[in-house]
Structure formats: C-alpha cells, structure tokens
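The values are calculated or read from the model by the stated rules, or taken from the named source; none is laboratory data. Since we're looking at a predicted model, the values are computed, not measured. Counting neighbours? That spans all protein chains shown, and the Cβs are built from the backbone with ideal geometry, glycine included. These area figures cover heavy atoms from the full protein model, side chains too; ligands, DNA and RNA do not enter into them. Shrake-Rupley method; radii C 1.70, N 1.55, O 1.52, S 1.80 Å.
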Amino acid sequence: MKQISNDSRLNPTHISLYFALFYIWNYNRFPKDFFINREEVMSQSKIGSKSTYHRCVKELSHWKYIVYSPSHNPFKGSRVKLFQFGTSEKLGMDLDYPKNGQASVSNININKHNINFIKLEAIAKEKLILDFFKKENYPELEAEKFFNHYQGIGWKVGGKSKIVDWKATAKSWMLKAEEMKFSSRSKPKRTNNSSYDLPLDHFQDNLHVNQNKRYDEPL
C-alpha cells in the first residue's frame, strides 16, 4: 500500500502486525469491526514480545491505521477496526462505533466454520490448508496434494456439490492416505518363489513337448 510505504514512522514490526490484522479482517469478509486474541495475532505477525505487540498496536491506532479498543479481561477479546483506504491520501473513515464493546474469545477464532472458505483467494486457502495439515502433524506435501486436487475441481465433492466443511474433507483425505499406506505395506510382494505368484506354467502349452515320444511303449 502506498500509504504504508510512504510512512517513515512504520518499521517492519508495525507492517507485520498490520497485515496480520488485515488478514483476519479479510478472513472474516471485511466486517465493520472485529475482535482479536493477542496470542493469535502475535503468532500471525511473528511478534514474540508482549510489550512490542502492545506498543505497535497502540501506535497503529494513534496513527489512524486502526482503531483499537483494548480489553482488560483475559476472557474477552479486544475490538479492532481497520480503515478502508481509498485513492485519496486520507487515513480512513467512519470512526463512530462504541468503544466499550467486548466479545468472548470463542467469537474471535479465525478458524470458525462460518467463514466462507470457497470465496477466499487461492493463496489464503493454501496457507490455511498448510497450517491445518501442520497442526495435524501431516507433511506439507500431502497438504499441497489436497490443495491442488480440490483447487483443480472448484472445491466440490465428487466434482458436483460445493464443500461445506473443508476441515472435515481434509481429515477424510488424511484417513484415506493412511489407508493407502497401510494397504501398500500389507500387500505381499511378488517373487519367483512366492505362492502369491501365478504358476510358472500358467501361460504355457502343457501339451507341447520338445522331445519325440514313442507311443508304442507302455506307460
């Protein structure tokens, strides 16, 4: 954004924090305001210090990049509003929401099921899937296979109906992958001496002999 690149007050931590908040805002389909959990935002923005986090979020609010209404209750989330920057150089609009509202932490989980996953951009989808597979201790390669498969068929089950719960679909994918691994390990290998193999003369003409046989001799 031009506004951010031209602002010399901002350092990389401010920018990382802002884009973490923007990601949550986008993830919730751009509501007027939303609620955040400090641990989640710190994880998204890669900020390890609580003091740094609080300093940067307050400065972003003071500089009119966001409106931040902190919650001092550990069981409730802080309210945040991001401005919609237009083509003008003004720093945002519509500041008149009540600043004393709070929401429980259960309402700020950015992974909640009512997010319209289908409408997310491909990059956002892929990141969510990679994070989910990592959380489930599954390899990144399997996550990429899952993403590429369903991205290619428009996020539909059986190529027909839209996926309702992508996490449930991902877990089914994981179970099938495990089944395939188990099946490939338990299947007996074919060797020359294995009873699993076809008999050596299965395709052979057993009536044909290479030597001349005398039929006038008794058996």
Probe 1.4 Å, protein heavy atoms only - accessible area per residue of region 1-49 in square angstrom
52
For region 12-84: Kirkwood Rh in Å [reciprocal of mean 1/r, alpha carbons]:
12.1
Could you work out how far apart the two model spin labels at Asn137 and His149 are, taking each label as a point 7 Å from the Cα in the direction of the beta carbon, and quote it in nm?
2.2
Dimensionless Rg/Rh of region 132-185, both radii on Cα and Rh by Kirkwood, sits at 0.98
